[in-house]
Amino acid sequence: MSSTEGSIFTSKYLRFSLGILLGAALLYLSIKNVSWQDIKGELESLVYPWIFFAVLLYWLELTLRIARWRRLLAQMKPPVAGNHIALAFISGYAANNVLPAKLGEAFRADLLGRLANVSRLSAFGSIIVERLLDMIAILGMAAWGLFFVTTTQLDTVEEVNRGLGLVLAPVLLLVLAIYFLVARKHTAINAKLKTLNVRVRNLIQGLQTLEDTSSYLGLLTSTLLIWTLNCLAIWSIMMSLSIHLDLNQTILLIGLTGISAAIPAAPAGIGTLQYAFHLTAILFDFPASAALVASAIVQIALLGSATLVGAFAYSFAVSHHLLPAGGARR
């Protein structure tokens, strides 16, 4: 094995290990004081129609996410068919739920490249824009919730504020980087980057949707609708446990769970998602057992349904020979 191959292997192994360890540590903090008898009681009192309603809302959200990604890929050459976008999207979501460290994003870009014969780096650039829109919405909801919510747990609020500050810095850096790559495309740095190699040019091409300011309103509207549906789905899950959150509490919960989902940790947010619900239980004074059950419902009913459909979609692509043997263009 060459030194380059060895370093790549070590890097992936390290990411896997750190992701699993982080998820395990946060899961332990979330369950260490929870009685299994209390969990059993929460499960026995579940109101299942609310869960079914949450699943319906979640799939409406995923449909809007596919439509938004299609808008982000509209300038791709050659044009990408809608069925390829949907197949790659749901398969990538499934991969994100079974692979650690958010590796499903790279899987999604690679799959779209193989299905549509487009650059996978251009596809990955569009995913960066997609995630950036989501992170801006998530941070906005977390900030809104922290500002307007009422709680006596001021120490916990301070911890969440510090964590929010740590997340905010890299997001701002990413926004600035994309701004100079797209909006300020005639700068000397941008010109130098584009001359480096075709991979850099392909990645920048995936960011070019932000060059068209007329698309901003559509992207922002779809992002708002996506997170509104997400809020309603999580609120419905809390209702299934007879926990009535008001608007500001729900918004803060979505902000915290959104941040946890963005952390490259264990598959399906195991540990990180549990801890986000655990923090919310502390802030709003509902049982830790209910927080643990709610996070498990999200992972089983919502993420689990996407994983099953994504697995079938990928199997369909393989069985119908939709994936060329040559792979995707870089």
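The values are calculated or read from the model by the stated rules, or taken from the named source; none is laboratory data. Predicted model only: the values in this text are computed from it and were never measured. Positions of Cβ are backbone-derived with ideal geometry, glycine not excepted, and every protein chain shown enters the neighbour counts.
Looking across segment 223-265 at every residue that is more than 15 Å from the chain's Cα centre (by Cα), among the polar types (S, T, N, Q) and buried (at least 18 other Cβ atoms within 10 Å of the Cβ), the one that is modelled with the lowest pLDDT is identified as Q249. Examine segment 161-174 for a residue that is among the charged types (D, E, K, R), surrounded by fewer than 19 Cβ atoms within 10 Å (Cβ to Cβ) and modelled with pLDDT of 60 or more, and state whether such a residue exists. The answer is yes, given that some residue of segment 161-174 is among the charged types (D, E, K, R), surrounded by fewer than 19 Cβ atoms within 10 Å (Cβ to Cβ) and modelled with pLDDT of 60 or more.
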